[in-house]
Amino acid sequence: MRNQTELRRISNHERMRMAQPHVRPSQIQAEAKARDLLLASLTSDQRASLQAVRWFVVEGKSGRRYRVHDGHAMGNVDVLEEGEVLYRLCGHLGDTSMPLADHLLAQKLMLEADEDAFLQLANRHA
Amino acid sequence: MTEHQMNILDRSGHTKISWDPSNADEVQFARGVFEEKTAAGFRAFMVRDGERSTRMDDFDPSAREMMLVPQLKGG
């Protein structure tokens, strides 16, 4: 049994490997690499939010705010108005075998810099 | 050397292409990759620390960091 000190020293890579023993090491490595890039691409507020509550908010050029949930790439974008969820959007990378963190980064970039295109391609859910 | 980079999202997480803007060969290689990917449907974004990212339609060798993202689809 590992103690707290040992657990703190465990890398993200090893942490993911322990949590998902059925996942190939190359997939775990890819996810860790993608996760590092995602975290480096977020603002400090977005990073703190993602790590605390597993979502972050992106503001589109229109001023509308979107909440991007971690954990899955489909139906994970909430369209917000005055803090309330109006509806959900599902828009993700066409290659679903790509790391989850890549999906989240792609959503963030699209909402921020190509909002209209994301709204056109995404499906709306209640 | 001032390193500029392009991160191409893919199944490995991402592939990084770096270039020195003062090195014509490196710039040409990076431009070629950019044009190949965008012709194949990738979207390009310029990323700057602390600022909103912006769409790029043309390769800019002076850009410090770019992200190239494969096509998205609705689900």
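The values are calculated or read from the model by the stated rules, or taken from the named source; none is laboratory data. Keep in mind that what you see is a predicted model, and the values were worked out from it rather than measured. Neighbour counts are summed over all protein chains in view; Cβ atoms, including those assigned to glycine, are modelled from backbone coordinates with ideal geometry. Ligands, DNA and RNA are excluded from the accessible area calculation, which covers all protein heavy atoms including side chains. Shrake-Rupley method; radii C 1.70, N 1.55, O 1.52, S 1.80 Å.
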- Message: Just to verify a number: FRET efficiency for B:Asn23 and B:Asp58, C-beta to C-beta distance, R0 = 22 Å, to 0.05?
- Response: 0.70
- Item | Counted charge near A:Asn123, where neighbours are those whose Cβ lies closer than 11 Å (Asp, Glu -1; Lys, Arg +1) | +3
- Query: Which value at 222 nm does chain B reach when only helices count, each DSSP H run of 4 or more adding -39,500 (n - 2.57), with the total divided by all residues and rounded to the nearest 500 deg cm²/dmol?
  - Reply: -7000 deg cm²/dmol
- Task: Evaluate the relative contact order of chain B (contact order divided by residue number), counting alpha-carbon pairs under 8 angstrom at least 6 apart; express in whole percent.
- Result: 35 percent
- Task: Count the DSSP beta bridges whose two residues both fall in chain B, then state the antiparallel fraction as a percent rounded to the nearest 5.
- Result: 80 percent
- Query: So what are the three principal axis dimensions of the protein assembly as shown from its Cα atoms, in whole Å, longest to shortest?
  - Reply: 54, 43, 29
- Find which of B:Pro61, B:Gly75, B:Thr15 sits farthest along the positive direction of the dipole of chain B, computed with +1 on the beta-carbon of Lys and Arg, -1 on that of Asp and Glu, about the Cα centre. B:Gly75
- Task: Could you tell me what fraction of 2.2 N^0.38 Å the Cα radius of gyration of chain B comes to, as a two-decimal ratio?
- Result: 1.08
- Note on the structure: Counting other chain Cβ atoms within 10 Å of each Cβ in A:105-118 and taking the mean gives 5
- For every other residue with a beta carbon closer than 12 angstrom to the beta carbon of B:Trp19, add +1 if it is Lys or Arg and -1 if Asp or Glu, then tell me the sum. -3
- Query: Which value, in debye to the nearest 20, gives the size of the charge dipole of chain B about its Cα centre, when Lys and Arg are +1 and Asp and Glu are -1 at the Cβ?
  - Reply: 460 debye
- Item | region A:21-109 - convex hull of alpha carbons, volume per residue in Å³ | 105 Å³
- Item | Inter-chain Cβ neighbour average for residues B:62-75, partner chain, 10 Å | 6
- Task: May I ask for the accessible area buried between chains A and B, both sides summed, probe 1.4 Å, to the nearest 100 Å²?
- Result: 2300 Å²
- Message: Let me check I've understood the local charge: for B:Glu35, count other residues with C-beta under 13 angstrom from its C-beta, Lys and Arg +1, Asp and Glu -1. What total comes out?
- Response: -2
- What trypsin sites (Lys or Arg not before Pro) in region A:22-78 are in a loop by DSSP, with at most 14 other Cβ atoms within 10 Å of the Cβ? A:Arg54, A:Lys61
- Loop-resident GluC sites (Glu not before Pro) in region B:9-71 with no more than 10 other Cβ atoms inside 10 Å, DSSP not H/G/I/E/B, are B:Glu51
